[in-house]
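Scroll down for the structure; my scribbles are underneath it.
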Amino acid sequence: MRPVYRDIFTEGIKLGKIYDKSGEHVIICAVREAHIRPFQATDWVDLRVGFFLSLCGSADPADDDTAAGLAESIGSAPSTQWTDRIAIGLTDSATGLTFFGYTNLAGDRIISPSTSDLVSSDVGITTANTFYWRPKSGRTPSGDNDTLRIIDSGLVRATADDGSQPHFIQSDPGAGEYCTFFGLRFTRPDATTRAKIITMQVKKTVGGHSSDILFTDDPSNAIGEAQLESFPTDVQTLGPVELSNAPDTFFLYWPFHNSRLRIHEICLVKVA
């Protein structure tokens, strides 16, 4: 596995932009461009990170504020590349060989079978309505469950079951909402001798299929931090696993050609 924070996640010389959405400055990554941001959170044993995110079309600037017509399937069986999978979470700056968070990777290696898909969805895994976009793999029959992974040196070390699917707003499901808040919680036994033994938790909808914490038209750091401090009690747990490095860098990558990732806020709370 090549380092995930290098330029293999930026095609050509396309660059992201800052988009003014009614006074809110939003980062729009270019097509197939990664957003990498190191952070400092020393000696933590309970660290929580969150993202206010949305999608828009691929045409700059015509599609900067539209989320229509984004469905797509990329890659091919049996060897879809890691760069054709979504990645929203954390990595380590020392090597980039670790990843913790959302990905529609299928299988237990970063070159994996089945396609990488973005589909129209309700807030679950069907199309009772089409308010949302949902990433998944094309794997049969479990592609809907390919949502979360902990990866180290090209191998999947922990994976999620059903119940924690992410959704991105396609059309307004309520009173003007346009972005989703996602949260990840990381814990470890201590910050010294066992600092690389990591557990990751994410919201799980019991009897449902959603890890979405909040839909809003008012993304802010204050709102995000409050959501992280009162982290959901119904969670899915990945790990604990001992890894080569602990996370210290935000890593967000959207692999599709018909859509771009919009980043409204990134939040971090060190609880302990």
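Nothing in this text is a laboratory measurement; each read-out follows from the coordinates by a stated rule. These figures come from a predicted structure and were not determined experimentally. Because the Cβ atoms are built from the backbone with ideal geometry, glycine has one as well, and the counts that use them run over all protein chains shown.
Calculate, axis by axis, the spread of Cα positions in region 52-206 along the three principal axes, and write the results as whole Å, longest axis first.
49, 37, 35
Just to be sure I understand: with springs between alpha-carbon atoms less than 10 Å apart, which residue in Ser244, Ser121, Ser93 has the highest mean-square fluctuation in the Gaussian network model of the chain?
Between Ser244, Ser121, Ser93, it is Ser244 that shows the largest mean-square fluctuation.
For the residue pair Ala128 and Ala191, what label-to-label distance in nm results when each label sits 7 Å from Cα along the Cα-to-beta-carbon direction?
4.4 nm
Given Ala67, Phe99, Ile88, which one lies farthest toward the positive end of the charge dipole of region 32-104, if we put +1 on the Cβ of every Lys and Arg and -1 on the Cβ of every Asp and Glu?
Highest projection toward the positive end goes to Phe99.
In a Gaussian network model over the chain where Cα atoms closer than 10 Å are linked, find which of Thr205, Thr42, Thr83 has the largest mean-square fluctuation.
Thr42
If I histogram all Cα-Cα distances within region 156-260 using bins 5 Å wide from 0, what percent of pairs lands in each bin?
2, 10, 16, 19, 22, 16, 9, 4, 2, 0
Just to confirm the filter: which trypsin sites (Lys or Arg not before Pro) across region 12-44 are DSSP coil and have at most 16 other Cβ within 10 angstrom of their Cβ? If you can, show how the numbers build up before the last one.
Values: sites: Lys14, Lys17, Lys21, Arg32; in loops: Lys14, Arg32.
Listed in order of number, the matching sites are Lys14.
Could you work out the relative contact order of the chain, using alpha carbon pairs under 8 angstrom and six or more residues apart, expressed as a whole percent?
Details: 747 pairs, mean separation 80.7, N = 272.
Reported as a whole number, the value is 30 percent.
Could you please rank Val206, Val31, placing first whichever residue has the fewest other Cβ atoms within 10 Å of its Cβ?
Ordered by Cβ neighbours within 10 Å, fewest first: Val206, Val31.
If neighbour count is taken as other Cβ atoms inside 10 Å, put Lys270, Lys203 in order from fewest to most.
Fewest-to-most ranking of Lys270, Lys203: Lys270, Lys203.
In whole Hz and in residue order, list the ³J(HN,Hα) couplings for region 140-154 that follow from phi through the Karplus curve 6.51 cos²θ - 1.76 cosθ + 1.60, θ = phi - 60°; x for Gly and Pro.
In residue order, the calculated couplings are 10, x, 10, x, 5, 8, 7, 10, 9, 8, 10, 10, 9, 6, x Hz.
Out of Phe131, Phe168, Phe251, any idea which swings most in a Gaussian network model of the chain, alpha carbons joined below 10 Å?
Phe131
Using a Cα-Cα cut-off of under 15 Å, which aspartates and glutamates could be cross-linked to Lys270, ignoring same-chain neighbours fewer than 8 residues away?
Output for Lys270: Asp43, Asp46, Asp190, Glu225, Glu229, Asp248.
With a cut-off of 8 Å between alpha carbons and a minimum separation of six or more residues, what is the relative contact order of region 18-83 in percent?
On the way: 32 pairs, mean separation 12.0, N = 66.
Reported as a whole number, the value is 18 percent.
For Cα Rg over 2.2 N^0.38 Å, pick the label among (1) 1.23; (2) 0.92; (3) 0.98 that corresponds to the value derived from the coordinates.
(2)
Please arrange Thr103, Thr95 by counting, for each residue, the other beta carbons lying within 10 Å of its beta carbon, fewest first. Kindly include the intermediate steps, with their values, before the conclusion.
On the way: Thr103 27, Thr95 15.
Ordered from fewest to most neighbouring Cβ atoms within 10 Å, Thr103, Thr95 come out as Thr95, Thr103.
Convert each backbone phi in region 46-56 into a coupling constant with the Karplus relation 6.51 cos²θ - 1.76 cosθ + 1.60 (shift: θ = phi - 60°), then list the ³J(HN,Hα) values in order as whole Hz, x for Gly and Pro.
9, 10, 10, 10, x, 9, 8, 9, 8, 10, 9
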